[in-house]
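Participant: Got a structure for you, written out below as structure tokens; questions coming shortly.
Quick note: the coordinates plus some simple rules give every number you see, no bench work behind them. Quick caveat: nothing in here was measured; it's all calculated off a predicted structure. Cβ atoms come from the backbone with ideal geometry, glycine included; neighbour counts cover every protein chain shown.
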Amino acid sequence: MFLREVDDALREDEMRTAFQRWGKLAVLGVAILLAGLGGYLFWQQHKHQSAAQQGEQFTVALDDVEAGKLGDSAKKLTALIADSSDGAKAAAQMLQAGIAIEQGKPADAVKLFDAVAADGDAPQPYRDLAAIRAVATNFDAMKPEDVVARLKPLAEPGKPWFGSAGELVGLAYLKQGKANLAGPLFAAISRDKDVPETLRARTRQMAGLLGVDAIDDVARAAGTLPGQN
């Protein structure tokens, strides 16, 4: 019993010494962990609140566009762009570029589209769409080889913007006198079921004019002609 009591006393003394040596560091470590967790939770809350606020600002800007108040909408979007990043910023810039087009300022629109396309923090779908819109807005002033170089990577079957990018690349091929490349590309777009029907119909016509058969079901197509039942 005496040895057990001595052993217990020694253990108690060792624990007291260990706590005196490491206890403050342990408490400090727990405090740092809690502070970090609290900071993360605060950042998450701030992020959600900021996203909600940006969404409200964007909605107000859209309402101004629908009401024909393009100038007011552009001012709101300028403030939103300054305070936003990533997708919110890109969306605001895209809308502002659309307003510039409506106001007869294509050069300003191209600058905004190019800014989104070059923004490494913007979501890739926004960047790709911005590149297409920039080319579409400035197509007549661009060299056809520049159009092809910029949009050909997007003008491939299976890519999200295949139809829109492919049509512009096909038109650039025609400006280059390369109907042999334009026709098959238009035909491929017209057969892609993920492409909007209006674009499919347009490219089907273009392919036909270039001597490329883009109609897979002749009977079904004939049934859609005027005067057919």
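Participant: Per residue of segment 186-199, in order, report the coupling 6.51 cos²θ - 1.76 cosθ + 1.60 (Karplus, θ = phi - 60°) as ³J(HN,Hα) in whole Hz, putting x for Gly and Pro.
Facilitator: Result, ordered by residue: 4, 5, 5, 5, 5, 8, 7, 6, 7, 8, x, 4, 4, 5 Hz.
Participant: Could you tell me the calculated FRET efficiency between residue 140 and residue 191, based on Cβ-Cβ distance and R0 = 25 angstrom, to the nearest 0.05?
Facilitator: 0.35
Participant: In sequence order, what are the phi-derived ³J(HN,Hα) couplings for segment 172-184 according to the Karplus relation 6.51 cos²θ - 1.76 cosθ + 1.60 with θ = phi - 60°, rounded to whole Hz, with x for glycine and proline?
Facilitator: 3J(HN,Hα) across segment 172-184, in whole Hz: 5, 4, 5, 5, 7, x, 9, 4, 5, 9, 5, x, x.
Participant: Hey, another quick one. Taking amide H positions as placed in the peptide plane 1.01 Å from N, state which residues far from residue 212 in sequence (5 or more) or on other chains have amide H under 5 Å from it.
Facilitator: none
Participant: Using DSSP to call loops (not H, G, I, E or B), can you name the trypsin sites (Lys or Arg not before Pro) in segment 146-193 whose Cβ has at most 11 other Cβ atoms within 10 angstrom? Working shown, then result.
Facilitator: On the way: sites: 150, 175, 178, 191, 193; in loops: 178, 193.
Counting only loop positions with at most 11 other Cβ atoms within 10 Å, the trypsin sites (Lys or Arg not before Pro) in segment 146-193 are 193.
Participant: Among the listed pairs 111/143; 143/178; 152/178; 111/178, which have their C-alpha atoms separated by more than 26 angstrom in this model?
Facilitator: 111/178
Participant: Further, regarding this structure: How much length, in nm to one decimal, is gained on full extension between residue 152 and residue 180, taken as 0.36 nm per residue of separation minus their Cα-Cα distance?
Facilitator: That works out to 8.5 nm of additional length.
Participant: Give the order of 126, 173 when sorted by the count of other beta carbons within 10 angstrom, beginning with the fewest. Before the final figure, lay out the partial values.
Facilitator: Numbers: 126 19, 173 22.
Ordered by Cβ neighbours within 10 Å, fewest first: 126, 173.
Participant: Classify segment 88-229: rounded, prolate or oblate, from the alpha-carbon gyration tensor (a ≥ b ≥ c, eigenvalue square roots; a/c under 1.5 rounded; otherwise prolate if a/b is larger than b/c)?
Facilitator: Prolate, since a/c reaches 1.5 and a/b exceeds b/c.
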